[in-house]
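Asks: My questions all concern the structure below.
The values are calculated or read from the model by the stated rules, or taken from the named source; none is laboratory data. Because the structure is predicted, anything quoted here is derived from the model rather than measured. With ideal geometry, Cβ positions are generated from the backbone for all residues, glycine too; neighbour counts draw on all protein chains shown. All accessible areas refer to the heavy atoms of the entire protein, side chains included, with ligands and DNA or RNA removed. Shrake-Rupley method; radii C 1.70, N 1.55, O 1.52, S 1.80 Å.
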Amino acid sequence: MAMVVTGACFGCKYTDCIVNCPVECFHEGEKMLYIDPEECIDCGACVSECPVEAIYYEDDVPESMHGFIALNAEMSQKTPSITEQKEPLCS
Ligand code: F3S
């Protein structure tokens with residue numbers, strides 16, 4: 001199990017979430033962030049940091065957003081790690 005970044009992140013990338021991550025499991029895509037499910041320890045520290053509530057525990061991802069579970073697993077392997085906060089895409 002892991003935390004999952006979902007659609008609300010797309011086009012925003014606030015990156016508040018990465019600050020409290022103890023295992024640096026976030027990866028940065030062009031439009032959104034992804035969590036590596038192999039590295040995530042399910043601590044949940046990132047969930048409350050996201051201003052648009054984009055992060056869910058895997059079991060709690062709404063049905064309409066289930067595609068993001070596989071997308072995080074796939075894209076976290078294809079994108080670079082991100083460990084420092086940066087300016088968001090949206091305001
Ligand atoms: Fe995205 Fe929210 Fe993090 S918008 S970058 S999941 S703080």
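Asks: Only residues in the range 59-72 that are within 10 Å of VAL4 (Cα to Cα) count as the first member; pair them with residues that are open to solvent by 80 Å² or more (accessible area, probe 1.4 Å), Cβ under 8 angstrom, at least 6 apart or cross-chain, and list the lot.
Replies: ASP59/MET1
Asks: Another question, if that's okay. Could you check the range 15-58 and list, in sequence order, the residues that are hydroxyl-bearing (Ser, Thr, Tyr) and without any contact (Cβ under 8 Å) to a residue 24 or more places away in the chain? Can you show your working first?
Replies: Going through the range 15-58, the residues hydroxyl-bearing (Ser, Thr, Tyr) turn out to be 15, 34, 48, 56-57.
SER48, the sole residue that qualifies.
Asks: Next up: Are any of the residues in the range 7-28 assigned to a loop (DSSP other than H, G, I, E, B), closer than 15 Å to PRO80 by Cβ, more than 9 Å from the ligand (Cβ to nearest atom) and not hydrophobic (A, V, I, L, M, F, W, C)?
Replies: Scanning the range 7-28 turns up at least one residue that is assigned to a loop (DSSP other than H, G, I, E, B), closer than 15 Å to PRO80 by Cβ, more than 9 Å from the ligand (Cβ to nearest atom) and not hydrophobic (A, V, I, L, M, F, W, C).
Asks: Working only within the range 65-74, note down all residues that are open to solvent by 50 Å² or more (accessible area, probe 1.4 Å) and assigned to a helix (DSSP H, G or I).
Replies: Filtering the range 65-74 for residues open to solvent by 50 Å² or more (accessible area, probe 1.4 Å) gives 66-67, 70-71, 74.
Those that are open to solvent by 50 Å² or more (accessible area, probe 1.4 Å) and assigned to a helix (DSSP H, G or I): GLY67, ALA70, LEU71, GLU74.
Asks: Determine if the range 38-49 includes at least one residue that is within 14 Å of the ligand (Cβ to nearest atom), farther than 16 Å from GLU84 by Cα, open to solvent by 50 Å² or more (accessible area, probe 1.4 Å) and in a strand (DSSP E or B).
Replies: No: zero hits.
Asks: Of all residues in the range 79-91, which are touching a residue at least 24 places away in the same chain (Cβ under 8 Å) and open to solvent by 80 Å² or more (accessible area, probe 1.4 Å)? Break it down into steps so the answer makes sense when it comes.
Replies: Residues of the range 79-91 touching a residue at least 24 places away in the same chain (Cβ under 8 Å): 79-86, 88-90.
Matches in the range 79-91: PRO80, GLU84, GLN85, LYS86, LEU89.
Asks: While we're looking at this one, here's another question. Scan the range 13-26 residue by residue and report those that are at pLDDT 95 or above and either among the basic types (Lys, Arg) or open to solvent by 20 Å² or more (accessible area, probe 1.4 Å) (or both).
Replies: Residues of the range 13-26 at pLDDT 95 or above: 13-18, 21-26.
Listed by number, the residues that qualify are LYS13, TYR14, ASP16, CYS21, PRO22, VAL23, GLU24.
Asks: If you don't mind, there's one more thing I want to ask. For the range 56-64, state whether one or more residues are loosely packed, with under 15 Cβ neighbours inside 10 Å, within 16 Å of GLY11 (Cα to Cα) and at pLDDT 95 or above. Outline the logic, then answer.
Replies: Taking the range 56-64 and keeping what is loosely packed, with under 15 Cβ neighbours inside 10 Å, we get 57, 59-60, 62-64.
Of the ones still in play, those that are also within 16 Å of GLY11 (Cα to Cα) are none.
No, there is no match, as no residue in the range 56-64 is loosely packed, with under 15 Cβ neighbours inside 10 Å, within 16 Å of GLY11 (Cα to Cα) and at pLDDT 95 or above.
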